[in-house]
Amino acid sequence: MAKGPRYRKGFRRRVQGKTDYHKRLKLLKSRKLRVVIRASNNHLMVQIVQSKLSGDKVLVSAFSKELVSKYAWNANTGNLPASYLTGYLAGFRAKAKKINEGIFDLGIFYHRNRVLAACKGIIDAGIGIPYREEFFPENLEERIKGSHIENYAKLLKREDPEKYEQIFSGYIKKQGIDPQKINQLFSNALKTIESKA
């Protein structure tokens with residue numbers, strides 16, 4: 001470990017790789033509302049935050065668990081379609097509170113595609129956020145609707161039914177969902193969000 005009169009220990013969250021303080025300072029200097037997106041293995045959270053000297057104030061929040069309890073989404077809350085729906089829900093709630101713009105605060109970029117799906121959901125809900133077109137991968141649009149899950153389920157059921165039962169047991173047995181119809185489930189959840197939010 002470094003020693004000496006000029007050595008200064010770094011901030012704890014920087015050393016742990018959790019916060020980029022230079023990037024955070026730029027975001028705060030913009031004085032815009034921050035759209036904070038954080039993902040864990042099973043869930044995703046989207047918040048619209050106003051920065052103040054006294055501390056951050058959360059104006060709008062959406063959590064992927066809400067999709068199951070209120071918005072007709074019975075599938076896994078840790079996949080791309082659920083991430084998009086969570087972002088879309090946050091965007092709708094923001095529009096209801098007359099919030100029309102912000103900037104992304106994505107933090108240290110874990111679970112990249114799920115975070116990008118949530119970003120797309122917020123933008124599609126009508127919140128004006130600056131971004132470049134190459135920010136989103138080419139096939140993200142179709143993956144958001146769950147077509148990659150459907151195609152994989154169809155392929156497995158045709159070629160290896162035993163493995164299909166094993167991999168999609170959570171969908172079939174626990175939740176009573178046909179993984180080959182995720183696209184339909186996604187459309188129903190999207191309509192429910194639009195009608196309720």
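The table below gives the values:
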| read-out | value |
| --- | --- |
| Residues with amide H under 5 Å from that of D105, placed H, sequence gap 5 or more | V35, V36, I37 |
| Neighbour-count order for F168, F136, fewest beta carbons within 10 angstrom listed first | F136, F168 |
| In nm, spacing of pseudo-spin labels at R6 and D160 (7 Å Cα→C-beta vector) | 5.8 nm |
| Rough spin-label spacing in nm, given labels placed 7 Å along Cα→Cβ, for A96 and K191 | 2.0 nm |
| Least to most buried among V46, V15 (fewest other Cβ within 10 Å first) | V15, V46 |
| Angle in degrees between helix 80-96 and the longest Cα principal axis of the chain, rounded to the nearest 10 | 60 degrees |
| Förster-model FRET efficiency, 25 Å R0, L140 and S169, C-beta, rounded to 0.05 | 0.35 |
| Length released on extending from F63 to N41, taking residue separation times 0.36 nm less the Cα-Cα span | 6.6 nm |
| Relative contact order (%) - the chain, alpha-carbon pairs under 8 angstrom, separation at least six | 20 percent |
| Nearest-0.05 FRET efficiency for H148 and R31, computed from C-beta distance (R0 25 Å) | 0.05 |
| Anisotropy class of segment 10-164 from Cα gyration tensor, a/c 1.5 cut | prolate |
| Fewest-first sequence of L85, L80 by Cβ atoms within 10 Å of each Cβ | L80, L85 |
| Between helix 182-196 and the chain: long-axis angle, C-alpha atoms, 0 to 90°, nearest 10 | 60 degrees |
| Net charge of neighbours whose Cβ lies under 11 Å from the Cβ of A117, counting Lys and Arg as +1 and Asp and Glu as -1 | +3 |
| Contact order normalised by residue count of segment 1-67, Cα under 8 Å, 6+ apart, percent | 19 percent |
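Readers should treat all values here as calculations from the given coordinates under stated rules, not as data from a laboratory. The model shown is predicted, which means the values in this text are computed figures rather than measured ones. For neighbour counting, all protein chains shown are included, and Cβ atoms are generated from backbone atoms with ideal geometry for every residue, glycine included.
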